[in-house]
Every structure is written in C-alpha cells, then in structure tokens.
C-alpha cells in the first residue's frame, strides 16, 4: 500500500508539473545556498553529494515540531519514534549508521557530540522555535569535520534577524485519550533582536517547555505473578512476559537562554559572539499498578513463580528515575575579508553537566525513599577552528586547521535516600580522561569546463588520549578496577573526492568517494566495571572506527522550484568497536568486525497548481554484518536500529492566508538483537514498523500573527519503539512578530 501510494502521488505530480512548467526551462535565480557541505556558501546544485535544506517555511508546515521531526521525513535519515516531545535528544542517523556517534550534529556550525558517549546531548539546549533552517549533507565528511562525520552531517542553524524584531510564541498540547500522549504540553519562546546602526546587532532568546508526561514505560516480569490484574504478552523473541503496571508519567521541564551579538568592526572585519544555557529536568511521577490483591484493591507487591524475584515497589521505579542535564555553549569568532581571500577564526566551548538518580532494587527502597545511587557526569569540548579560502584561476581553495580538547568524567555515590541529592554517603566509583586533536585539512573546488566540476579534500589528524583513569573505592585492592591508564597517540588521514557533470541547465550527475572515522569515546576507553561477577574492562588502545563510502546520483531541478533526486550509495565500516567475551567472568572492548550498507535514496519534491506542494521520498537500505568473530550469530544479519525501508509523502497548501499539511511517514521494522531474533511486533520491547499520519491547519491573521492546530498520529496507531510511543494528540500554537 505504501509503495502504491508513493508511486501514485509521484505520477500525479509529474503530470501536474509538466502542465504547469513546460514553458520555462531556466534555473531560478534564488536557489538555496548551503554552507555545511563545503564550509563555504555554495548553491545546493553545486554542493557535493545529496544535500537537503529545511527552510523556515518548511518548518512552519511541520505538525508538532521537534529537532528530530525536522529531519525525520527526509530521505536517508533514520530517527525512531520514542516519547515524543519528552525526547529532547532523539537519535538522527544518516545512511544506515547505527549510532549517533557516527553521524555528526552541529549547532551553528559547532560540533556538539559529547566526549563521554558521542551523543548529541547539547541539542537539548536548542529551542525548536529558534531554528531558522536545517542543513543536511549525506556521505563521509571527516575530511572537513573530523570524527563522527561517517554517515553525514546535520547542521541546525539558529535565527538571527537583520532588523529590529520581537517574536513571541505560546503553544499548548494534550492527548485525545488520557495517558496516550504528552499531557499538558506547554511551550513558549521569546526572542528580541535589536539593530544599532550598520555596525552592531544583538539578539536575546528565552524558551521554556514542560509536560506532565504520559505512560510510556511498562513494568514487566518474566515470572507469573500471584496477584490478579496483570496482562500476559509475548516477548519480542516469542517468550512470555507479564505487564504488571507502568513506571508513571515521564514529566519534564526545560528552560533555554541564548544571546547572540555581531559587530562589524571595519568594512572587512566582523566579530560574532554566541552564548547558550539550558536546563532540563526529567522525572517519572505517579507509578501505576494493574495488580489486585485478594480484596480487589490495587497493590504494588506480589510473589511470583520465582521466589527470588518478587514484585515490590522498587520494581515500579526507573533506573533513571530523575535526571537533570545542563548545557552551556559559548562561541567567539572573527572573520576578515582580504582583497581576494577570506579568513575566519572560531573558538567554542561546550560543557554538559548531568546527573541521574537510580533507586535501589530491594524491598528497602520504596516510593518514599530508601537506598539508591547518584551518578554525576560531565563532558567538555573546547575547539579552535581556523579557515582560509581563496579563489585561484585553477579553482577555489579552502585551507583549515583545528585544535580540540575533550574531557569526560563519571562518578557514582551511594545514597541513603534516593529522592534526596543531599543524602550522599559513600563515593564508590570514578572514571575519566582527556583527549587532544590536532588537525589540518584542505578542500579544493575545481572546474575544468562549464559543465564539469568537483572537489578534492584531505584531512590529517593527530589524536592523543591521556590522563585516563578508572577507580573503585569499594574495592581498593582490585588492580583491574583501579588503574591510571596509559596514553595513546594515533594518526588518521581521510580523503574525499567528488565530481559533478551538468547535463543541461536543469539536470546534473554527481558522484563522490571518501573515507571517514569515528574516534572511540571516553566510556569505551576508560570505564571498567563489574556487572554481577563479570568484569567489563576498558581499553585505552582502541582504534577509531573507519568507513569507506561512495555514491552516484542524478538530480533534475524544475524551473519554478522543486527537484527530483535519485542516489545509490554504499558504506563499508571496519574496526567496529565491540565487546569480546574472553571468559565467563571477563569481557574486553576491542576493534573487530565489518559491516556494509547498500542503499537507494529517491526524492520528488515539487510545487503543484492551486498553491499545493508535494514532498515525497523513499529510502532502501540493505545493511549487513559481514564479519564479527565475537558474535557469529550476527553475521549476515541486518544492523540494529536500521530499518530496511522508509517512505514519506507530504501534501501541503499555502495561499499566504491559510496553510496546512498532511504528512505520511513509514518505516519498516528494526531489530534490537544482533541475531535479529526479536521478530514479534506489537509488544513491549519491540521496534515496530510504523505508519504515521500527521496533519496541520494554520491561519495567518496578518504578517505578524499566526494561529495553527496540529494533530499527531491522526489514526491513533499503537506503536512500540521499545517503549510505547505517543498516540493521537493535538497541539495549538499562536505566534506573533512585531
């Protein structure tokens, strides 16, 4: 059905386009410019590879926007459904990469992957209403950006108007059925921009959002409860699980502050400053039980068929029952225009401070208190980037250098009362370490004739880890758990080459080849710990994961807007970071294995008559583990987290007064187990295929006031993405500008 719908929509759009645009064959003069693909302003038709730009107008047509939703309906982008607006840091994977640490995320051109685990936690500090555009480039880009840019790069560009402006947005949303989606979702933003003459402008932004949450996490047991009221359900692998309640509503509260300033010191010198601070609090409230005692009263305790695993109050508490994440990002840059070249220098610092509380798992831990564990973690990235570009008769040359340091720490403390951060008792474990990167790179844009052009890029990195340590104060004599780890130095060279041939004014062929890498994170390098009687050992000598990729594609730009794209690609990943079981009590992290992803991306986006527009795309990814001696059952299987097929079809309408959209999203089943034996869908823990329909209607009272109503999951599909995702919900938003 999904393929028929996609093909039918494309055929209709092609016929409409032929009728509407047959007379005009010139390229539009207002073609979108992208920076991310080349680190300099480049028209999308000239940018290497398959690129996309999500504009402010596109964002306005999204139903209930989130950072993940802004890119989810694009070809080649995998972003699973989780807990909706509560997922401040949703994964966005490009071209079959199975980890966020393999697809780079930028905010205003600044890398924001943390040094602890490679996740893009700093995205939690960006308000969705402050995003002006999103730039996406697919393919290996380590030659320009370094570690993590294996699948591609996603760059969130925040707004900075060039005139006096005040923007205010307020929104409220709720579920149609209690407990099926975010309850009392509130969001607001305020942005003040002031221009002082021609030489200085400043913007202050404030955003907040909160929700009472919804029931997303069930409480399950493998053992038959003695009480009644539970729900019997299959597991993803065909076993039996019993759902005895939920961990409650995952509520959150988030606040964002940001300040941007730009000063034109001279006609050739510009200084930019940006500072952002955010605070996110997340907590599970009001656990629910389905169990009934002999008198029919709700109960949170029950014996089970396994006497050593009874159901107790602690069973209804989450391993991260309460979490707080604070992000601080600061950037200072200088740009200078010489007579025939440009120089830019940027220094940035990202600091992520987080903690979470884990309640104990015995009967001494209850809803009201008892033992627990407090885990604080920090990640810090400091980057200095230097770029110089100059146009020569033979082409445009970009030279760059980067100095980067990262730091990560993670500690644990015992707590006498898991609900009280001041009740810390014993400092139990600590780990951390540093790394330093020195990099130099160049990118050469050549043009042999009017129709044939391309790029050559190369990046050299010297990467050093140092001052790593792992400590366990409860076992001071265990030399495996108490180590000051040796330093390690590695070097990496990543090339990239692209070519493009302009067949006509409207059509072109592009091809690219490149290598990329992902440096191991602090968790893999330094964290040594026991899980039961098994020791998981750190490895400070891990090598970076490597990839080699190529693609070839055809693009056709319609004369009055719109584009058709068809790309074929392949990614091959080696030295994958994994764990090897040495014995029954010892597991070590190692580089091993090989995987391959072959895929096709197709997109057809075009304006239609009567103010309508079609956006459609289809992605096919054949991902396989080629070699993995540590897990033979995974060889030949599909990579975890990656669907084989994705499709999106969106119809939008905008006559400048009224606007609206209807968007269909499809993704085939994903696997969690490397052996792909978690085949049963529609049960807790599964990663279901999904069909989602979202809708939005809006009205512009004038140029300054806009009112919109969005409905997510219009057909109220029940979908599991490990947890149960949101059902049908509505979202009302009022935006003003003056």
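Below, the figures for the structure above:
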quantity: q = 0.19, 0.24 Å⁻¹, the stretch 479-526: log10 I(q)/I(0) [Debye, one scatterer per Cα]; calculated: -0.81, -0.98
quantity: At R0 = 35 Å, FRET efficiency that the Cβ-Cβ distance of residue 202 and residue 177 yields, to 0.05; calculated: 0.20
quantity: Ratio of Rg to Rh over the chain (Cα coordinates, Kirkwood Rh, two decimals); calculated: 0.96
quantity: Mean Cβ count within 10 Å, highest first, over the residues of peptides 420-430, 251-261; calculated: 251-261, 420-430
quantity: Residues 718, 189 arranged by fewest to most Cβ contacts within 10 Å; calculated: 718, 189
quantity: Label point distance in nm, residue 478-residue 232, each placed 7 Å from Cα along Cα→Cβ; calculated: 4.1
quantity: Relative exposure of 165, 41, judged by other C-beta atoms within 10 Å (fewest first); calculated: 41, 165
quantity: Value of D in µm² per second that Stokes-Einstein yields for the stretch 553-703, Kirkwood Rh from Cα pairs, at 4 °C (1.567 mPa s); calculated: 69
quantity: Distance (nanometres) between label positions extended 7 Å along Cα→Cβ at residue 31 and residue 736; calculated: 4.2
quantity: Degrees, to the nearest 10: 2-21 long Cα axis against longest axis of the chain; calculated: 20
quantity: Theoretical gain in end-to-end length, residue 40 to residue 436 [0.36 nm per residue, Cα-Cα removed]; calculated: 140.0 nm
quantity: Theoretical gain in end-to-end length, residue 448 to residue 552 [0.36 nm per residue, Cα-Cα removed]; calculated: 35.5 nm
quantity: Pairwise FRET efficiency - residue 707 versus residue 308, Cβ, R0 = 60 Å, nearest 0.05; calculated: 0.55
quantity: Peptide ranges 300-306, 563-569 listed from the most packed, as the mean C-beta count within 10 angstrom indicates; calculated: 563-569, 300-306
quantity: Percentage relative contact order, the stretch 583-674, counting C-alpha pairs under 8 Å, at least six apart; calculated: 25
quantity: In Å, descending, principal axis extents of the Cα set of the stretch 513-604; calculated: 65, 20, 20
quantity: Dimensions (Å) - the stretch 419-571, Cα atoms, principal axes, largest first; calculated: 72, 38, 29
quantity: Inter-label distance, nm, simple model (7 Å from Cα along the C-beta direction), residue 166/residue 501; calculated: 5.8
quantity: Burial ranking of peptide ranges 439-445, 231-237, 103-109 (average Cβ count within 10 Å, highest at the top); calculated: 103-109, 439-445, 231-237
quantity: Paramagnetic label zone (point 7 Å from Cα along Cα-to-C-beta, residue 620; backbone N under 13 Å) in the stretch 561-593; calculated: 567-569
quantity: Segment residue 513-residue 531, length gained on full extension (0.36 nm per residue, minus Cα span); calculated: 2.3 nm
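A short reminder: the numbers here are calculations on the coordinates, not readings from a lab. The shown structure was predicted, so the numbers you read here are calculated from the model rather than taken from an experiment. For neighbour counting, all protein chains shown are included, and Cβ atoms are generated from backbone atoms with ideal geometry for every residue, glycine included.
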